[in-house]
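As structure tokens, the structure follows; a few thoughts come after it.
The values are calculated or read from the model by the stated rules, or taken from the named source; none is laboratory data. Treat the numbers as computed from the prediction; the structure is a model and nothing was measured. Heads up, the Cβs are rebuilt from the backbone with ideal geometry, glycines too, and the neighbour counts pull from every protein chain shown.
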Amino acid sequence: MPPKQKFIILGAGINGLSCAYRLHQRYPDAHLEIISDRFSPDTTSDVAAGLWEPFLLGDTPTELVRKWSHESYHYFHDLWRSGRADECGISLVPYVAVTAKVDGLEEPIWKDFAFGYGELSAQRLDELGREHGVKYVSGNEFVTFTCEPTRLLQFYTSALQRSTGVTFRRQKITTLGEILPAADTVPNAIVINCLGLGSSQVLGDDGGSLAATRGQIRRVEAPWMFQVLISDAGYVIPNTGAVTLGGTKQKGDCDLLVREGDSEGISRGCCALVPGLGRAPVVGDLVGLRPTRSSVRLELEWIDGVVPVVHNYGHGGGGITLAWGCAGHVLSLVQPLINGPGSKL
Ligand SMILES: Cc1cc2nc3c(=O)[nH]c(=O)nc-3n(C[C@H](O)[C@H](O)[C@H](O)COP(=O)(O)OP(=O)(O)OC[C@H]3O[C@@H](n4cnc5c(N)ncnc54)[C@H](O)[C@@H]3O)c2cc1C
């Protein structure tokens with residue numbers, strides 16, 4: 001009997017657990033080991049506002065961003081339709097974005113498949129501009145999903161924990177070499193690298209300029225808020241448990257401490273959009289480091305010609321939006337290794 005297939009997944013953020021879940025669905029008899037130094041609710045993914053919208057993805061090819069984000073959009077829709085929205089933290093919400101910048105908003109690459117996309121009329125821009133005290137030049141609206149990452153991560157964790165073939169190991173990895181000898185002794189092992197920003201410490205310079213883009217947000221209790229609002233001043237993103245107000249994007253800044261000045265700026269910006277948010281009880285201020293890169297790295301690498309490693313990291317400000325689609329891409333890279341004609345395993 002051939003040895004059992006083994007997957008070693010590095011990282012337990014949204015990308016690691018989406019890959020683990022999809023691999024487990026496809027190969028239920030395989031042994032799956034998830035190795036990470038932090039688990040939910042302590043990952044960057046837990047800090048994300050959870051809005052479905054591709055953001056800060058560098059020069060990732062447009063057709064890939066469209067493919068991955070489209071697959072995730074469908075997936076959120078399926079979860080929502082099938083009665084799993086509450087368990088997975090999914091909401092279907094209207095979205096409005098406006099800008100006063102002369103160049104206006106870029107035409108979104110996904111406008112043909114997201115529900116109800118349209119540009120705001122001059123009259124609507126005037127109305128919103130009067131409310132916010134700004135002269136807007138362009139805006140758009142559509143219907144999107146928010147996905148509260150901690151709930152989705154916990155949904156995956158519970159599903160995986162119910163299976164006997166899945167193990168979780170808490171370990172800080174300093175080099176890929178620590179994992180590879182173990183993988184090397186198991187002839188059927190495939191490593192999936194979803195370490196996010198941690199990839200820069202573990203792999204060194206990968207040529208993609210992987211770096212942190214600091215994001216600070218505030219969570220408030222505003223159960224009356226059911227609309228995503230985005231402007232030059234800030235963003236308001238309702239989730240099932242709380243509403244996220246944001247936010248900063250400070251490139252190359254790795255400071256995980258909450259800054260009072262950022263909190264004040266976020267509150268001011270969001271209250272200019274909806275003054276009532278100033279009365280909403282604060283749940284907490286949080287900071288996360290987005291893993292920004294020249295482009296998402298999703299490819300297969302053979303280490304020493306023997307151990308296949310699928311890299312899946314560098315999702316910038318769009319990891320929640322892309323994770324399900326990227327995990328599907330990982331499956332397509334893994335499948336030929338397992339039963340393709342050129343299988344080396
Ligand atoms: C403020 C903010 C708001 C955001 N809002 C959104 C949004 O609305 N929509 C959206 O799509 N995206 C959003 N993002 C981006 C999103 O959070 C990231 O793209 C996503 O979390 C990346 O997921 P990941 O699984 O690749 O990385 P992570 O969540 O960082 O997971 C990496 C995992 O690897 C582990 N790890 C790392 N290094 C090591 C090591 N050396 N040894 C062992 N384990 C290690 C970590 O412990 C963790 O478990 C936001 C980000 C921030 C900061």
Can you spot a residue in region 82-95 that is at positive phi, among the small types (Gly, Ala, Ser) and out of contact with any Ser or Thr (no Cβ under 6 Å at 6 or more places or on another chain)?
yes
Sort out for me the strands (runs of 3 or more DSSP E) sitting completely within region 260-323 that have 2 or more residues that are in contact (Cβ under 8 Å) with a residue 60 or more places away in the chain, out of contact with any Lys or Arg (no Cβ under 7 Å at 6 or more places or on another chain) and over 26 Å from Ile90 (Cα atoms).
297-303, 307-313
Tabulated pairs, region 19-40, first modelled with pLDDT of 95 or more, second of a type in the set (Asp, Glu), C-beta under 6 angstrom, 6+ apart or interchain:
Ser40/Asp46
Scan region 199-218 and report the pairs whose first residue is under 17 Å from Arg259 (Cα atoms) and whose second residue is modelled with pLDDT under 95 and within 12 Å of the ligand (Cβ to nearest atom), with Cβ atoms within less than 6 Å and a gap of 6+ or a chain change.
Gly215/Gly247; Ile217/Gly247
Answer yes if at least one residue in region 116-131 is in a strand (DSSP E or B), surrounded by 15 or more Cβ atoms within 10 Å (Cβ to Cβ) and within 16 Å of the ligand (Cβ to nearest atom), and no otherwise.
no
Across (1) more than 16 Å from the ligand (Cβ to nearest atom); (2) closer than 17 Å to Ile237 by Cα; (3) part of a helix (DSSP H, G or I), Glu141 clears everything bar (3)
Since Ala183 meets every condition but one in (1) closer than 30 Å to Asp59 by Cα; (2) surrounded by 21 or more Cβ atoms within 10 Å (Cβ to Cβ), which condition does it not meet?
(1)
Yes/no for Leu160 being crowded, with 16+ Cβ neighbours inside 10 Å and in contact with a His (Cβ under 7 Å, 6 or more places away or on another chain)
yes
Could you tell me whether region 60-83 includes any residue that is within 30 Å of Lys4 (Cβ to Cβ) and among the aromatic types (Phe, Trp, Tyr)?
yes
